[in-house]
Amino acid sequence: MRKITLRSRINFSLVIYFVLVFTKTCIASNPLEQTTLLFENFTIDDGLSQSSITCILQDRKGFLWIGSGNGLNRYDGRSFKVFYPQSGDSLSLSNSEILKLFEDSEGYIWVGTAHGLNRFDWHMESFRRFMANPDDSTALSDNFIQSLTEDKNGNIWIGTQNGLNCYDKTNDRFTRYFFQKINTGVIGKRTTILSLFCDDQNNLWIGTYHGLIKFNLNTKQFENFYPDLHDTTNSELNKIFVIDQDEDNNIWIGTGDGVFKLTPKKEFIHYPLKDKNMKAVTVFDLLITSHSGIWIGSYGAGLFQLDPVTGETKQWKNNPYEKSSLLYEFE
């Protein structure tokens, strides 16, 4: 049995990040071969700004950025540097509640918060703020930033609590996308965008509380997908929290009820997950690998490893009697 030591935190995102490190060094013929994951936990005693971790990003320089409910942490392998909003300083973060992190093709770090979008300036160690303005149609539509991605043309796409936005770096302006009805025109005002992903064919995939949307950026055509065909309005299956793509061009989505695979033939395959009370597991994060299956970060049920061929899963949970287990699970 191989033992791997992982430095982790209580949140699913940090778990997923360190599994990424693990899978780069451990190639298994069987994705679910017996492997013991040993977790070393980070806490506020180690310099974290808060124990509630919301998102994780490792940038191209190797720094680990950790978003929390109170502050943005940057870890260099030895210590943490914490960024907070500073009163009267417009070059500091716009808000301390960090919701999403993203690194674009130019190396900029984008920080989505509960009140505004921020872009980190490496040279100045400061931030540029992008804020919503109801009187400016070229500004963000909303300040609550839930998702970020980049298309093949270098445009930054931003999902908010009030619609979809596209940032044109060249012209320094935003384009808002609103449609009348989610079932016909796709995105309406007050539509919350939960997740975004741009695939290899330059399609933008959009996750909402009411299903999955495919936006062809070349033809500007939209297409709706509903994992739960029986209820397209209020099903846990249609709440899309994370989107990714595998090497076979399957689209994987994490929902309020497990994981789905959408094949190129537009067929949904459901991989349900259950917690200790046999209730459906909400999936907030995914890591797809070619050699160790799919790693799944859940809310309240720990970490799962899925073999996409057999559908078998393996689960890692908190063990209060084992220091090297996951530190905490949300209830």
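Over all distinct Cα pairs, what is the inverse of the mean 1/r for the range 67-148, reported as the Kirkwood hydrodynamic radius in Å?
It works out to 13.1 Å.
Mind listing the phi-derived Karplus ³J(HN,Hα) values for the range 263-273, rounded to whole Hz, using 6.51, -1.76 and 1.60 with θ = phi - 60°, and x for any glycine or proline?
Karplus-based 3J(HN,Hα) across the range 263-273 equals 7, x, 8, 6, 9, 8, 10, 9, 10, x, 10 Hz.
Using the Karplus curve 6.51 cos²θ - 1.76 cosθ + 1.60 with θ = phi - 60°, what ³J(HN,Hα) values do you get for each residue of the range 83-98, in whole Hz, with x for Gly and Pro?
For the range 83-98, the Karplus curve yields 10, 10, x, 10, 4, x, 10, 6, 9, 9, 4, 6, 7, 8, 8, 8 Hz.
A 21 angstrom limit on the alpha carbon distance is what I want to check against. Which of Lys214/Lys261; Lys220/Lys261; Lys61/Lys81; Lys152/Lys214; Lys214/Lys265; Lys279/Lys317 exceed it? If you can, show how the numbers build up before the last one.
On the way: Lys214/Lys261 14 Å; Lys220/Lys261 24 Å; Lys61/Lys81 15 Å; Lys152/Lys214 15 Å; Lys214/Lys265 14 Å; Lys279/Lys317 15 Å.
Cα-Cα > 21 Å for Lys220/Lys261; rest within.
Exposure proxy check: Met131, Met278, Met124 ranked by fewest other beta carbons within 10 Å?
Ranking Met131, Met278, Met124 by Cβ neighbours within 10 Å, fewest first, gives Met278, Met124, Met131.
Could you pull out every residue, at least 5 positions away or on a different chain, whose amide H is within less than 5 Å of the one on Thr54? Hs are placed 1.01 Å off N in the peptide plane, and Pro or chain starts have none.
Gly67, Ser68, Gly69
Read-outs throughout are calculated quantities, based only on the coordinates presented, and are distinct from any laboratory measurement. Predicted, not measured: the structure shown is a model, and the values here were computed from it. Reconstructed Cβ throughout: ideal geometry from the backbone, glycine too, with neighbour counts over all protein chains shown.
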